[in-house]
Structures are given as structure tokens and as C-alpha cells.
Number of protein chains: 2
Amino acid sequence: MRYKCVVSYDGANYHGFQVQGAPNTIQNELEKALAIIHKKHVTVYPSGRTDAGVHALGQVFHFNSDIDMKDANMQNALNSRLPQDIYIKNVEHVDLNFHARFSSISKRYEYLIDIGEYNPLLIRYRYYYAHPLNISLMQEVAKSFIGEHDFRSFTKNHHLENTLRTIYDCSLVQEGTLLRFRIHGNGFMHHMVRIMVGMMMEVGKGKLTPAQIIEIQEAKNRRLAPKIAPANGLYLVEVSYE
Amino acid sequence: MRYKCVVSYDGANYHGFQVQGAPNTIQNELEKALAIIHKKHVTVYPSGRTDAGVHALGQVFHFNSDIDMKDANMQNALNSRLPQDIYIKNVEHVDLNFHARFSSISKRYEYLIDIGEYNPLLIRYRYYYAHPLNISLMQEVAKSFIGEHDFRSFTKNHHLENTLRTIYDCSLVQEGTLLRFRIHGNGFMHHMVRIMVGMMMEVGKGKLTPAQIIEIQEAKNRRLAPKIAPANGLYLVEVSYE
């Protein structure tokens, strides 16, 4: 049978969700817990990877199992064997057709920028930026990402054939000194959200105009979008399925 | 000359403010930064120690220096040499009579208990407790701490001669799933706040009554107050001077 799990984790302590050859990954911790329960190796299939330092509030993965346990019992069995910075929020039995990556229809991410006084207790969770930013111009950039666009300029992975993605919603909201960038789309390529934020920041700093961001996007050339925001501000919030 | 500094830090990564023989302390990091600036060892005198895992939003220390720098320059010089989880919030020149420990007249602490769903991104900063608590009885206990009392039952350090302390204010406020315990007093002994919270929790769980907490306090016997709340929920918020 197949189980679908929703997991949240603090990415600051890990090399990423899954990295070839790195021992310190979220996937290794999940597979270690599953191996204790199953007394054999069980492979974890995530909706996608997250980079080192990136957090998740609602990452999804599935695994196959020959143990038929109640959902809540499987959740407890996993959580009692996981480190305290990884937590299984939900478990459910799913059809064998379900695939955490290929069945997903959309993802939500958030990126947190703090323009207030530096707080050493939040540096793992926010990108601190202490200089002036033109926030309304940044909001204009966020809006311009909405719709179906070719995001080839905004990914590290420039060998992909299909770089067309649809952004359903994108906004930048100011809450005190916190700037919350929210984005919801049908799919995201490697580094795409962090490059979007990095380039939006260039507009906030007055180095580029919102119109230039659109030109860069239309040029489909990663070398024109060289900025990338740090990993610590990024959260994978939700993965949706039909 | 003498400098007074206000420092905030994430205690989760350290063995405490200062521990004999431990290399990984806040004081070591501060003294390393000061040694680079002064080209010699400079001793840091804190308002008091904090234990491993305990955070500070406004810890105070002083040091003596033969370098006369503007306050803001000294602050920048220190922050540029400190790890990202330690931050100097303020620097000022003070009189040679000023002593971070002996001149302090009061301290404020907070302790955060979360009774909501476990969040692995906040475990370094809150004590998660998932079972029912009688919060109004806990609030009664918090109130009973106010005033001048002998807190010998509530300290690890039972060899102290004077265990009389005055609590100016103490309260427990619920903000959603967060229980915020605030305490302001003229001085606190080792483990005192964490034992107060640990014993208050016993009342919340129904294992003790508020009247029994007062009896335990009056008995001046640490063995009657064996509970101690974990370090990760505790914050040194402010140290006050005349």
C-alpha cells in the first residue's frame, strides 16, 4: 500500500531535502525512521527537493509499505523516531496511482524579508536587509509574475525543455518590518523563487525597473538574472493535489 | 574607560553564557571579538549567566578598554566579528563605577509555552506541551509569586545565604496557543524562573494546587520543588540599572 505524508521541517540544520552523497538530509532522516519501522529500506518520494537552509511547512512525500497501520499510528511511529526539527503533520493511505511529485497540481511558497532591526533569534528564518527599499515597485514586480510565462531566465536548471510555468497568484505584503512574498503556481524550477525574490530586490534597491524585469524574463537568458535571495527566507508552504 | 553593551543571542547553539572549561559559550565569542579589536585579551562581565539553550533579548555586560571609540563604531566593530546568532544592540560609555552585575536593580524574563500543534521551526524557542492545562489556576500561581518572598525552594543554588527576592510583577497571558509567562524582579537565582514555571505547570496539570505552591515556597526546601521547565522556552528580556 502507499502512504502520503505532509511534513514540516527546519531546513537550517540540513544540506537539503535530498543531495547525492550528503548524509545530512531530510530524506535520510525520513528513511532512517521508516527503516526502523519496516526493518528494511523504504524509499521516500518527495513532491520535489528543497535546498539547504530552505524550510517546509507542508512538504509532501509518499512511500510504499507492506505494513497496514492506522494513519495516526503511522504518524506517531514516524514522529517518535524523527529528530525534533522534522515533524509529520499528516499521514493518509492513498491509491497506488498517487505520486507526490507527478500528481501535484500546484505549490505555494513564501519568502520572508525583514527590514527591521537585526534579530539573531530569527536569522535562520528571515532574510535581513537593512537598507531602504522601494516596496511599491517591488509589489509591481510581484504582480507582473502572475500568469503563464516562460521562466527560463529565472532558473539555474537551463537545460530543461519546458520552462513555461503558470503563476496563479503572487504578492508582496508588508506586515510591520516584515515583507511577506507569497507565490502560488503550477510548478517551480530549481532556484526559481529565490531568483524572483533576488531580482525583485534589485528593483527595490533602484538598480532595475519593473519593466526591465519583464524584459529579462522575455529574453529567456539566466545570465541576465544573476541575483538569488538567500535560502533561509524561503518556505515551501503547501503542495496541492486534485 | 568602560563600555556597557546590550546583547541579544540565540542560546540554542551555545553551552551557556559562561561555563568553566566549555569552549562554546557566548562569553568566549564576545571575548574573541574583543581580542581582535584590542589585540589582547579583554574580560567580559555579564549581568549574570544564562544556561545552555536560554535566549537573551537584552542581556547586559561591561568591559574595560584602552580604546576610545564612538559607541556606534564599537557596536559595528563587535557585530562584524561576532557569529550571526549573537548581536550587540547597543553600546555606551559608562562610568568606572558601573558594574553590569552589581549595579543592576532588576531583571525581566519571559518563558514561552506553546499548547498548539507542534512546529519543528519553533522548538528551539518554545516549550511545547500537548496535554490539557488549567490555565486560570496557573495564572493564580503566577500572581502568588508577586511580592518579597524567600525563594530557597526554587533554586538549585541552595548554599546561598540570602534567598529573599522581590518579584515586582508576574503574569501568565494566553495569546492563541501561546502562554507567555512574564516575570520582573530585583534578582533571580540559578534555575529560579525555570523551577517557577515547572512548578506552575504541575498546577496546570492538576497535580498540585496553588495553595500547595505557597506551602512549598514557605518550606524553603528545594526537594519539594523538583520540577524544572526546559531551557529552550526562557528569555532574558531586560536588565535595568538606576
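The values are calculated or read from the model by the stated rules, or taken from the named source; none is laboratory data. All values derive from a computational prediction rather than experimental measurement. Glycine also receives a Cβ, built like all others from the backbone with ideal geometry; neighbour counts cover every protein chain displayed. Each accessible area value is taken on the protein alone, full model and side chains, heavy atoms only, with ligands, DNA and RNA left out. Shrake-Rupley method; radii C 1.70, N 1.55, O 1.52, S 1.80 Å.
Note down the accessible area of B:MET69, probe 1.4 Å, to the nearest 10 Å².
B:MET69 exposes around 50 Å² with every protein chain in place.
Using a 1.4 Å probe over the heavy atoms of the protein chains, calculate the carbon and sulfur portion of the accessible area of region B:1-92 as a whole percent. Spell out each step's value before the answer.
Details: 1830 of 3850 Å².
Its accessible area is 48 percent carbon and sulfur atoms.
To the nearest 100 Å², how much accessible surface do chains A and B hide from each other in total, with a 1.4 Å probe?
Roughly 1600 Å².
What residues does region A:41-75 have that are buried by at least 10 Å² of accessible area in the full protein assembly compared to the chain on its own, 1.4 angstrom probe?
Residues of region A:41-75 that lose at least 10 Å² of accessible area once the other chains are added: A:LEU57.
Based on the alpha-carbon gyration tensor of region A:172-242 and its eigenvalue square roots a ≥ b ≥ c, which shape applies: rounded if a/c is under 1.5, prolate if not and a/b is larger than b/c, or oblate?
Values: a/c = 1.90, a/b = 1.21, b/c = 1.57.
In terms of gyration-tensor shape, oblate.
Translational diffusion coefficient, Stokes-Einstein: compute it for the protein assembly as shown using the Kirkwood radius over C-alpha pairs as Rh, at 25 °C and 0.890 mPa s, and state it as an integer in µm² s⁻¹. Present the calculation step by step, with values, prior to reporting the outcome.
Working: Rh = 25.3 Å.
After rounding, the answer is 97 µm²/s.
For region B:108-135 and region A:36-106, what is the separation of their C-alpha centers, rounded to whole Å?
25
By its C-alpha gyration tensor, with a ≥ b ≥ c as the square roots of the eigenvalues, how is region A:108-241 shaped: rounded for a/c under 1.5, else prolate for a/b larger than b/c, else oblate? Show your work: numbers first, answer last.
On the way: a/c = 1.73, a/b = 1.37, b/c = 1.26.
Here region A:108-241 falls in the prolate category.
Please list B:LEU224, A:LEU133 in order of solvent-accessible area, largest first, computed with a 1.4 Å probe with all protein chains present.
Values: B:LEU224 80, A:LEU133 30 Å².
Ranked list, largest accessible area first: B:LEU224, A:LEU133.
Leaving out ligands, DNA and RNA but keeping every protein chain, what accessible area does B:ILE36 have, in Å² rounded to the nearest 10, with a 1.4 Å probe?
Accessible area of B:ILE36: about 100 Å².
Quick one: work out the % antiparallel among DSSP beta bridges in region B:1-157, nearest 5.
Working: 18 of 20 bridges.
Bridges in region B:1-157 that DSSP calls antiparallel: roughly 90 percent.
Residues of region A:105-178: accessible area per residue at 1.4 Å, in Å²? Intermediate results must be reported in sequence, preceding the final value.
Details: 3640 Å² over 74 residues.
Here the per-residue accessible area is 49 Å².
Contact order normalised by length for chain A, with contacts defined as Cα pairs under 8 Å and 6 or more residues apart; what percent is it?
Values: 515 pairs, mean separation 59.7, N = 242.
Over chain A, the number comes to 25 percent.
According to a simple spin-label model (label point 7 Å from Cα along Cα-to-Cβ), what is the distance in nm between B:ARG180 and B:GLU242?
3.2
What FRET efficiency comes out for B:ASN76 versus B:ASN24 if R0 is 41 angstrom and r is the Cβ-Cβ distance? Round to the nearest 0.05.
Values: r = 25 Å, r/R0 = 0.60.
According to the calculation, E is roughly 0.95.
What is the calculated FRET efficiency for B:LYS227 to A:ILE36, with r their C-beta to C-beta distance and R₀ = 30 Å, to the nearest 0.05?
Efficiency for this residue pair is about 0.45.
In the structure displayed, which of A:LYS40/A:LYS156; B:LYS143/B:LYS220; A:LYS70/A:LYS107; B:LYS107/B:LYS227 lie more than 25 Å apart, Cα to Cα?
On the way: A:LYS40/A:LYS156 36 Å; B:LYS143/B:LYS220 19 Å; A:LYS70/A:LYS107 27 Å; B:LYS107/B:LYS227 23 Å.
Listed pairs above 25 Å: A:LYS40/A:LYS156; A:LYS70/A:LYS107.
Using a 1.4 angstrom probe and counting only protein chains, how large is the accessible area of B:HIS184 in Å², to 10?
Spelled out: B:HIS184, probe radius 1.4 Å, area about 30 Å².
How large, in percent, is the carbon and sulfur part of the accessible surface of region B:109-236 at a probe radius of 1.4 Å? Could you put the intermediate results ahead of the total?
Working: 2880 of 5730 Å².
Carbon with sulfur: 50 percent of the solvent-accessible area.
Anything losing 10 Å² or more of accessible area from the isolated chain to the full protein assembly: pick those residues out of region B:84-102, probe 1.4 Å, ligands and DNA/RNA ignored.
Residues meeting the cut-off: B:GLN84, B:ASP85, B:TYR87, B:LYS89.
For chain A, modelled as a Gaussian network with Cα springs under 10 Å, which listed residue fluctuates most, A:ALA22, A:ALA52, A:ALA77?
With Cα springs under 10 Å in chain A, the top fluctuation among A:ALA22, A:ALA52, A:ALA77 is at A:ALA22.
Which shape class, rounded, prolate or oblate, goes with chain A when its Cα gyration tensor gives a ≥ b ≥ c as root eigenvalues, a/c under 1.5 marks rounded, and past that a/b bigger than b/c marks prolate?
Values: a/c = 2.33, a/b = 1.71, b/c = 1.36.
Prolate, because a/c is 1.5 or more and a/b exceeds b/c.
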